């Protein structure tokens, strides 16, 4: 089904929430729906980047090899200029940067590395604006909805910021509040994004074109802007993991949550990568990694619905008296999550079988069914995949590699995506691979002696034996 965001501009009423519940836009926010501030910021950045690139090319032409270093430096500055502009604009533009950072199949190495520096952290919005959003969404004064509400945010990201609060009954919560202009400026933002993706998609051979990229980006952004969906996902993952007492997903407070405000129960906790905090609790990193592997084995190989952003800022160990003997792993922020549909699960299973049997033709057939090979590029992609098959076989086969080898192979796979025209991996598959890569990288960071592959292997074998 075609996304409503892909209609022509005249048919793009992206009313994510009722207009009567939208707080009044103030100051520069009023201009965002016109697209003028966004075009100004991006246009200024692009003009500056173009001038820098022209200077670099001129130096290289005049000075030859001696000017090449200057040209490379100007290219890096131009990329950073563009990334900073996307970060300043927040919302869809910051999300576009994060989307591009994993599109190794579309963007060159310099671009993905520059975009990876775009952190999902921005200056917070003044508290008066946050109060207005919360009161408009909950349709009551802030003091009625909450006994306490901390004016200082816990953090501010590209589409929302989070605040500590207490419910009238005294229960501690965290309130995630979406920025007020996002719904109003979404039409204009997406038209600009579509132009940017069109430029990128047309510049890369076999990328699949701008429409596919825009559809993937638009659908993902729509999901992240819908906090009611995030609440449903959190509840479903909590139910799926309910049998594991060591995993905790915060309860959503339904009466204090809407499409743009999400209230979840708060737990005191330390970050999963906070070694000093874990030591203070008496928690061994190995125990945490075992819980982490178990939780993702269940989400990825059994449930098919997984938290797709397992970086250290979203994973915590609950601070409680019994943490040393029975640590509990806390997951937060379910805005970026993915559901592997039955078709993708089946193709993954068949792909792993083909890899184990070194059946290159069957592997490529599966890639084509997923739309991962552009028409006319099968032979070129086959040559690149065959070299990866040989590399895996030299490590003892698909099921014999350890965690460190998996991370090494990941780097080679990224290089293959960058260097092979005609490859265009579906975003769900990229997020699946990125998620597993994050989990393995966390294992290497917390305790290099823990082999995450061994912890995942039994679940992988059961997944291969399943018939869904």
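Read-outs throughout are calculated quantities, based only on the coordinates presented, and are distinct from any laboratory measurement. Quick caveat, the model's predicted, so the values are computed rather than measured. Cβ sites come from the backbone with ideal geometry, for glycine too, and all protein chains shown count toward neighbours.
Of the residues 425, 373, the one with the fewest other Cβ atoms within 10 Å heads the list, and the complete ranking is 425, 373.
The distance linking region 69-101 with region 217-233 is 25 Å (Cα centroid to Cα centroid, whole angstrom). Cα centroids of region 320-338 and region 423-458: 18 Å apart.
A simple packing score, the average count of other Cβ atoms within 10 Å per residue, orders the peptides 285-298, 176-189 as 176-189, 285-298, with the highest score first. Put in line by how crowded their Cβ is, counting other Cβ atoms within 10 Å and starting with the fewest, 197, 370 read 370, 197. Here region 269-468 is treated as an ellipsoid with the same Cα gyration tensor; its semi-axes, largest first and in whole Å, are 33, 17, 15. By the count of neighbouring beta-carbon atoms within 10 Å, fewest first, 453, 86 end up ordered 453, 86.
On full extension, the segment bounded by residue 276 and residue 465 gains 63.9 nm, given 0.36 nm per residue less the C-alpha separation. For the pair residue 449 and residue 254, label points projected 7 Å from Cα toward Cβ lie 4.7 nm apart.
Extension gain, residue 353 to residue 44: 0.36 nm times the residue separation minus the Cα-Cα distance gives 106.2 nm. Centroid-to-centroid, using Cα positions, region 349-371 and region 105-183 are 43 Å apart.
Full extension of the segment from residue 154 to residue 244, taken as 0.36 nm per residue of separation minus the current Cα-Cα distance, would add 29.6 nm.
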